[in-house]
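Below is one structure, written out as structure tokens; the observations come after it.
The values are calculated or read from the model by the stated rules, or taken from the named source; none is laboratory data. Everything numeric in this text was worked out from a predicted model, so none of it was measured. Reconstructed Cβ throughout: ideal geometry from the backbone, glycine too, with neighbour counts over all protein chains shown.
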Amino acid sequence: MRWNPSHPVCEETFKTCPLANSSMRRPLMDKDTVMEVLGKVYDPEYPLSVTELKIVEEEDIDISDEGLTVQFKPTTPYCPMGGIIGILIKYALEKKLGIPVKVKVKSGSHVQEEIFNEMLNQEDKYREILKKLEDSGILKSCVSF
């Protein structure tokens, strides 16, 4: 059986198990929580959040037993900051929620979709770019929590 905090067996286990405590439970999350975090992630070129710019909308969020997946749509098909926006989204969600997050460009929304998705899903590339964003101050100026 997969972990499901609302499943009766899981609930009963946590009521009766002396070793169980709140730190052992998976954090409950919903689309509102994800959108709240993303409301603190700002586009590097505009003084607006990725939610205000509709780069990510509720329908782009998938929460399942496999985890959290977020699709995003850069501001234009040629947006030069598209990859950076994806990195900022992934960083903010993983930092705030404490779980791995899969982030990908919404299909057909950017000419470099494949390159950006590769960058977001190859841990070494992601970490390398994240470090550069941190060193340059972009990370701090675009993620406000």
Identify the residue in region 60-73 that is closer than 18 Å to E113 by Cβ and not β-branched (V, I, T) and, among all such residues, is farthest from the chain's Cα centre (by Cα).
K73
Of residues in region 90-104 being closer than 18 Å to G39 by Cβ and of a type in the set (V, I, T), the one surrounded by the fewest Cβ atoms within 10 Å (Cβ to Cβ)
V101
Within region 57-89, restricting attention to residues that are in contact with a helix residue (DSSP H, G or I) (Cβ under 6 Å, 6 or more places away or on another chain), assigned to a helix (DSSP H, G or I) and of a type outside the set (V, I, T), which residue is surrounded by the fewest Cβ atoms within 10 Å (Cβ to Cβ)?
E58
I'm trying to understand the selection: among the residues of region 105-141, which are surrounded by fewer than 13 Cβ atoms within 10 Å (Cβ to Cβ) and more than 20 Å from E45 (Cα to Cα)?
S107, G108, E114, Q122, E123, D124, R127, E128
Just name the residue that is farthest from the chain's Cα centre (by Cα) out of those in region 18-34 that are at pLDDT below 50 and of a type in the set (S, T, Y).
S22
The residue that is surrounded by the most Cβ atoms within 10 Å (Cβ to Cβ), considering only those in region 35-56 that are without any contact (Cβ under 8 Å) to a residue 60 or more places away in the chain and within 12 Å of the chain's Cα centre (by Cα), is V50
Can you list residue pairs whose Cβ atoms sit under 8 Å apart, with the first residue in region 121-142 being without any contact (Cβ under 8 Å) to a residue 40 or more places away in the chain and the second being assigned to a helix (DSSP H, G or I) and exposed (fewer than 12 other Cβ atoms within 10 Å of the Cβ)? Count only pairs 6 or more apart in sequence or on different chains.
E134/K140
When region 111-145 is examined, which residues are found to be part of a loop (DSSP other than H, G, I, E, B) and farther than 20 Å from L48 by Cα?
V111, Q112, Q122
